[in-house]
Amino acid sequence: MTGRPRVVVLCGAHHRPPGMGAVEATADVRYAAAEELPDALRGADGLFVWDFRSTALAGAWPAAHRLRWVHIASAGVDRLMFPELARSPVTVTNSRGIFDQPIAEYVLGLVLAFAKDLRTTLDLQRERAWRHRESDRIDRQDALLVGTGSVGQAIGRLLSAAGMTVTGVGRTARPADPDLGVIHASDSLPSLLPRTDYVVVAAPLTASTSGMFDAEAFRLMKPSARLINVGRGPIVVATDLVAALRTGQIAGAALDVFAQEPLPPDDPLWTAPNLVVSPHMAGDFVGRLDALTALFVDNFQRWVAGGQLLNVVDKELGYVPST
């Protein structure tokens, strides 16, 4: 690349990414809020979507006539991938890898909380009630990972280390995977659900995964099974999940992602029995902002040098294909 590139950072007025000195030394950087994006994109070569929840790029797209690269500070790109960008030659990269281990730890924590009935223990402690109970051993249970990317693989490693039998479901079947054991194709899901104790959703939101877990899927699951979703909210049909929990069709669930975020105070999910609701925090760890910026800086330096970028998204698939 010749000359100083122009890079726009989409961020709130008081939420700039830390550690941008190396980029500012090499490029003309403009920090822009959503309403400023159309003007900022005129003549810009690159865009760093720090505000990963923003959908402002779609409206500002007519001004992005020179744009060649977009990097987003999240693993999911479903909010970013509007048709014009998907059809364009603009390269899109994401922050895959940053959140893998934290999400895997969070999922393991949820599995242990369910198996050891920690919610009841805390309730009884508040009541000062001494009530002895037995709990489950997770090393005798099966986990099905729906989504076989880097997040799913990290989850599989931890659950396997805890003694669980792990199986994967992905776009392409594989007879052996070091982290997920046998990986089945997505159309095998109905035959796998009846024999699974924990179903963990770590898939991206695509046309094929939207609404994947509906009333029929819950009907196929064991009455003792639990569902954990750390992928994307619309993969689970919330009304069907609430019904399955209220009727005891499944034993419990944990949701960290939702179709509407923040979850409205009057949403039925808040009061569904045996449901853990967390505010899209499974991958958020102390130091994550520095890690997200460091990844962008690394990719920026590769970009200006004409090197191979990390985490290039297949815009047709909607995610970074596993290698």
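Laboratory data are not the source of any read-out in this text; all were calculated from the coordinates shown. All values derive from a computational prediction rather than experimental measurement. Heads up, the Cβs are rebuilt from the backbone with ideal geometry, glycines too, and the neighbour counts pull from every protein chain shown.
Side notes on the structure shown:
- Seen against the Cα atoms of the chain and their longest principal axis, helix 150-161 is set at about 30 degrees.
- Beta bridges per DSSP with both ends in the range 180-323, % antiparallel, nearest 5: 10
- Dipole axis of the chain (+1 Lys, Arg; -1 Asp, Glu on Cβ), positive-most option in LEU10, PHE48, THR239: PHE48
- Cβ crowding within 10 Å ranks LYS116, LYS315 as LYS116, LYS315, fewest other Cβ atoms first.
- Chymotrypsin sites (Phe, Trp or Tyr not before Pro) restricted to DSSP loop in the range 266-323 with at most 16 other C-beta within 10 Å: PHE285
- Segment ALA291-ALA173, extension gain: residue separation times 0.36 nm, minus the distance between their alpha carbons: 39.2 nm
- Ellipticity estimate at 222 nm from DSSP helix runs (n ≥ 4, -39,500 (n - 2.57)) divided over the chain, nearest 500: -8000 deg cm²/dmol
- For the range 129-180 and the range 249-286, distance of Cα centres in Å: 20
- Computed lengthening from ALA33 to GLN308, 0.36 nm per intervening residue step minus Cα-Cα distance: 96.1 nm
- Of all beta bridges that DSSP places with both ends in the chain, some 10 percent have antiparallel geometry.
- The range 151-226: chymotrypsin sites (Phe, Trp or Tyr not before Pro) in DSSP loop, at most 14 other beta carbons within 10 Å: none
- When the Cα positions of GLN260, PRO178, THR206 are compared along the charge dipole of the range 149-274, PRO178 comes out farthest toward the positive end, with charges on each C-beta of Lys, Arg, Asp and Glu.
- Tail beyond 32 Å, pair distance distribution of the chain (Cα, percent): 34
- Simple label model, 7 Å out from Cα along Cβ direction - ALA86 to ARG219, nm: 3.0
- Residues considered: HIS15, HIS132, HIS280. Largest GNM mean-square fluctuation over the chain, using C-alpha springs under 10 Å, is found at HIS132.
- Sparsely packed loop sites in the range 50-143 (the GluC sites (Glu not before Pro) outside DSSP H, G, I, E and B with at most 13 other Cβ atoms within 10 Å) comprise GLU134.
- Approximate spin-label separation ALA63-TRP270, in nm, with each point projected 7 Å along Cα-to-Cβ: 3.8
- Counting Lys and Arg as +1 and Asp and Glu as -1 over every other residue whose Cβ lies under 15 Å from the Cβ of ALA33, the net charge comes to -1.
- Kirkwood Rh and Cα Rg combined as Rg/Rh, the range 86-144: 1.30
- The label-point distance for VAL182 and ALA243, in a model that sets each label 7 Å from Cα toward Cβ, rounds to 3.2 nm.
- Rounded to the nearest 20, the Cβ-based charge dipole of the chain about its Cα centre (Lys and Arg +1, Asp and Glu -1) stands at 260 debye.
- For the range 100-277, pairs of C-alpha atoms spaced more than 19 angstrom apart make up 56 percent of the total.
- Efficiency of FRET between GLU105 and ARG4 - r from beta-carbon atoms, R0 56 angstrom, step 0.05: 0.85
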